[in-house]
Amino acid sequence: MLSRRELLGRTVGAGAALALTPNLLHAREPWGAKLIQRTIPSSGEKLPAISFGARAADGALIQAVLKTLVDNGGKVVDVLHGGPAGEQGARKAATELGIQSKLFWTTPLSVTVPVLPGYAGPPLKPDAAAVKAAMEEKFAAFQVPKIDLVMVGSNADMASHLSVLREMKKAGRVRYIGVHHLAFPANAPMPPFGDLETVMRNEPLDFIGTDYSVGDRRVEETILPLAQERKIAVMAYFPFDRRRIFQRASSTPLPEWAAEFDAKTWAQFFLKYVLSHPAVTVARTGTTKAEHMLDNIGGGIGRLPDEATRKRMAELVDALPPTPPPGPPKPQPQAPQAAPVVLSAAVLDRYVGAYLYKAVGTNVGFRRDGDKLLVKFEGSVPEHPLVALSETRFGAPWSVIEFKLDDQGKAIGAMVEQGPYRIELERK
């Protein structure tokens, strides 16, 4: 199967391979056009239509991608799917390049109240203080007084998040507010866009962000027309259908009629389909390669397909071979096994008893069985044995539990480390 690099070389020809200079890009565009600009409906501000979705990577690679973006008229950087490492890496690279103030930054926000296994109650809503604290962490980490766009996850509690963000927008600390949603697969039992439509109808928003590609056009049915009606800007995620349409097109040459809308590569073909929908403000492209960023920028330059051509493009993609099935999973590297920690019954007995997660009202019990400590959460979750990692620290498949001791060595509580969350238990 061809990689994108090989596919790009096939479509542009061996004599027209992409180089990492703005001059070559402009030389390949004889019409002299610039990167397409789109208007944010709520403000009238214009943004370049191709953006960069940052992800965790080597700092030099991210710097090269950012420089390519800015040198060719781009400015929007979205860090939603790069995680904290991707966000921090992009910020660091931009600061080192001295271009942080030239960029339009978007960041996600979704504050949840963690629950322990077995919790069966209603979703818990964070209070305003927790949402404000999460935003203050972002301001401190980014070392900026203002963030351009904050995107709330569609599964977050809208009331608490939007109220805080509107206060910050009024104070000039947040410029735009949006909601993002990752479309559910076509075979999922739930509607593909979940509660996004409801939020769009009921809340004043500046932006939404969701999946849109010529390979996944479900958003065209309701969401994009609604965005136009409600005057909401749209950031199109995954315009390459999570790389699937590159795989599907790997054995198919780019059609000659792609030149009618100035597409020289499959990437530009796919991007121009997305950008030719009038509801789309920005197409987000994720990459760690500067040459791919330059190719993507070409998708936002020149002519765009008309409605008849869009239909032809969709028909061509629908006729491509289906996405190849995934190969066997790669074996995961095995972490070195630490020597087992064996604790005496007297040590384990210090932790035996009932504990309470006060914020939720969930009870947790610990008991000893021989040389093992077992935990039982309230609800239907079965009892689990714990693995001693140290005298006070124990591991389970879903978390790590650290017991807190007083000066006399008595257990007075515990901290459950569950992913990024820290859940405090009080001994009853």
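The values are calculated or read from the model by the stated rules, or taken from the named source; none is laboratory data. The structure presented is a predicted model; accordingly, all values stated were derived computationally and were not measured. Cβ coordinates were reconstructed from backbone atoms using ideal geometry, including for glycine residues, and neighbour counts include every protein chain displayed.
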* Can you spot a residue in the stretch 256-266 that is more than 26 Å from the chain's Cα centre (by Cα) and farther than 20 Å from Ile36 by Cα? -> yes
* Which condition does Ile177 not pass, out of (1) under 17 Å from the mean Cα position of the chain (by Cα); (2) within 27 Å of Glu45 (Cα to Cα); (3) surrounded by fewer than 22 Cβ atoms within 10 Å (Cβ to Cβ), if it passes all the others? -> (3)
* Taking interchain pairs and intrachain pairs at least six residues apart, which have beta carbon atoms under 9 angstrom, with the first residue in the stretch 405-425 and under 30 Å from Ala85 (Cα atoms) and touching a residue at least 40 places away in the same chain (Cβ under 8 Å) and the second among the acidic types (Asp, Glu) and in a strand (DSSP E or B)? -> Ala414/Glu402; Ala414/Glu424; Ala414/Glu426; Val416/Glu402; Val416/Glu424; Ile423/Glu417
* Filtered residues of the stretch 160-174 (kept if surrounded by 17 or more Cβ atoms within 10 Å (Cβ to Cβ) and over 23 Å from the mean Cα position of the chain (by Cα)) -> none
* Looking at (1) modelled with pLDDT under 95; (2) in contact with a strand residue (DSSP E or B) (Cβ under 9 Å, 6 or more places away or on another chain); (3) farther than 16 Å from Pro108 by Cβ, find the lone condition where Pro191 falls short. => (2)
* Restricting attention to the stretch 209-237, which residues are β-branched (Val, Ile, Thr) and farther than 15 Å from Pro278 by Cβ? -> Thr210, Val214, Thr222
* To do: Would you be able to say whether some residue in the stretch 95-103 is touching a residue at least 24 places away in the same chain (Cβ under 8 Å), buried (at least 16 other Cβ atoms within 10 Å of the Cβ) and in a helix (DSSP H, G or I)?
  => yes
* Structure fact -> Subset of the stretch 42-70, residues in contact (Cβ under 8 Å) with a residue 40 or more places away in the chain, crowded, with 18+ Cβ neighbours inside 10 Å and not β-branched (Val, Ile, Thr), comes to Leu47, Pro48, Ala49, Ser51, Phe52, Gly53, Ala54, Arg55, Ala57, Ala64, Lys67, Leu69
* Structure fact -> Residue count, the stretch 364-385, condition without any contact (Cβ under 8 Å) to a residue 60 or more places away in the chain, in a strand (DSSP E or B) and within 19 Å of Lys428 (Cβ to Cβ), comes to 8
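Yes/no per residue for (1) crowded, with 21+ Cβ neighbours inside 10 Å; (2) of a type in the set (Phe, Trp, Tyr); (3) under 29 Å from the mean Cα position of the chain (by Cα):
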position	(1), (2), (3)
Phe270	yes, yes, yes
Val274	yes, no, yes
Arg284	yes, no, yes
Met293	yes, no, yes
Arg303	no, no, no
Arg312	no, no, no
* Report whether or not Val317 is assigned to a loop (DSSP other than H, G, I, E, B) and either modelled with pLDDT of 95 or more or not polar (S, T, N, Q) (or both). => no
* **Residue within the stretch 1-12 that is in a loop (DSSP other than H, G, I, E, B), at pLDDT 50 or above, in contact with a helix residue (DSSP H, G or I) (Cβ under 9 Å, 6 or more places away or on another chain) and under 26 Å from Asp241 (Cβ atoms) present** => yes
